[in-house]
Amino acid sequence: MEIIENLERWQRRYDSWQQAGSNRTDADYPLVKNLRAPFTPARRALPMLNLALISSAGAYIDGTPEFAANDLTFKEIPIEVEGSDLRFAARGYDATAVTEDTNSQLPVERLLEFENNGIIGRLNGVFWSFSGYLPDASAVASELAPRLVERLQRYEVQAVLLIPASRLCHQSIALVARTVEAAGIPTMTLAVLKDVVESVRPPRAAFYDGELGTVAGKPNFPEHQRRVLDEALRLIEPMDQPGIRKLVVDLQSQVQLSRGER
């Protein structure tokens, strides 16, 4: 299955957008439009899976080279790295929340809790991060995504959680998810922008009424983060076809906040 359907048509739309120069805006950007999605059923239960994390928040270790504009590389970061040692090339989103609490966008601590509690089998020993503000969707699909798949296969990853940070990140992450799923690895894309995932169509997407830059949950609100992640991950196994599911975390969080719980 094509990662970008009708690629030539999208390329024409993208070229026109590029040619607009200083008159172009993100609001005018031509999103990829797919009608179908690849799909790989989960062959194991969540507590038996080696789960990997892919983030488009542009995380890199302090002291190492940061991401350049339109950078199609990624960083492979050990999960033991402390959040305080990470920096973020934040393009298209406000990094205030993730700088304050990395778990709001890069929930390694929450996922390690899930491993300890038996919710997932284990969290893969490294996670991958790239700077997802990448207008050239064709390059994402043909260059970045296949290289990520190679690393996932190298680590024998059995499922992947993908988390975008900005609006354009939602497209980049969805394209990576499509490539990963086409390679036979089940995915779950966490999202806060339904229109983008409906357009690009990652195989599995879970969305809720959250904010860019805090897609994995509100900063310094661990219970909200746990609820978002738990609900999204538990959809991997029962979903038997591509789809987008609305999380119920919003209603639960409103009740909790009204009680003064955090």
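The values are calculated or read from the model by the stated rules, or taken from the named source; none is laboratory data. Computed from a predicted structure; not experimentally measured. A quick note on method: Cβ atoms are made from the backbone with ideal geometry, for glycine too, and the neighbour counts reach across all protein chains shown.
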Could you check Gly118 against (1) exposed (fewer than 15 other Cβ atoms within 10 Å of the Cβ); (2) assigned to a strand (DSSP E or B) and say which number it fails?
(2)
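Determine whether Phe127 is assigned to a strand (DSSP E or B) and farther than 22 Å from Val200 by Cα. Give the derivation first.
Values: assigned to a strand (DSSP E or B): yes; farther than 22 Å from Val200 by Cα: yes.
Judged against the criteria, Phe127 is a match.
From the list Thr179, Thr187, exactly one residue is closer than 19 Å to Ile120 by Cβ, in contact with a helix residue (DSSP H, G or I) (Cβ under 8 Å, 6 or more places away or on another chain) and polar (S, T, N, Q). Which is it? Outline the logic, then answer.
Values: Thr179 fails: closer than 19 Å to Ile120 by Cβ.
Result of the check over Thr179, Thr187: Thr187.
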Enumeration of residues in the stretch 86-109 that are among the basic types (Lys, Arg) and surrounded by fewer than 21 Cβ atoms within 10 Å (Cβ to Cβ):
Arg87
Being among the aromatic types (Phe, Trp, Tyr), in contact with a helix residue (DSSP H, G or I) (Cβ under 6 Å, 6 or more places away or on another chain) and at pLDDT 95 or above is the requirement here; does Phe221 meet it?
no
Of the conditions (1) surrounded by fewer than 16 Cβ atoms within 10 Å (Cβ to Cβ); (2) farther than 26 Å from Asp230 by Cα; (3) aliphatic (A, V, I, L, M), the single one that Ala45 does not satisfy is (2)
Criterion (of a type in the set (Lys, Arg), closer than 20 Å to Asp26 by Cβ, touching a residue at least 24 places away in the same chain (Cβ under 8 Å) and surrounded by 20 or more Cβ atoms within 10 Å (Cβ to Cβ)) met by exactly one of Arg167, Arg201
Arg167
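Search the stretch 67-85 for residues being polar (S, T, N, Q) and farther than 23 Å from Gln153 by Cα, and hand back the single one that is surrounded by the most Cβ atoms within 10 Å (Cβ to Cβ).
We begin by selecting, within the stretch 67-85, every residue polar (S, T, N, Q); these are 70, 73, 84.
When the remaining residues are screened for being farther than 23 Å from Gln153 by Cα, the result is 70, 84.
Details: Asn70: 12, Ser84: 8.
The residue in question is Asn70.
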Answer yes or no as to whether Glu156 is in a helix (DSSP H, G or I) and either within 20 Å of Leu111 (Cα to Cα) or out of contact with any Leu (no Cβ under 7 Å at 6 or more places or on another chain) (or both).
no
Selected residue [over 27 Å from Gln153 (Cβ atoms), of a type in the set (Val, Ile, Thr) and free of Cβ contacts under 8 Å to residues at least 40 places away in the same chain] from Thr25, Thr64, Thr96:
Thr25
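Here's the yes/no breakdown for (1) in a strand (DSSP E or B); (2) closer than 22 Å to Arg201 by Cβ; (3) over 19 Å from the mean Cα position of the chain (by Cα); (4) among the charged types (D, E, K, R):
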position	(1), (2), (3), (4)
Thr40	no, yes, no, no
Ala52	yes, yes, no, no
Ala68	no, no, yes, no
Ile77	yes, no, no, no
Glu80	no, no, yes, yes
Ala90	no, no, no, no
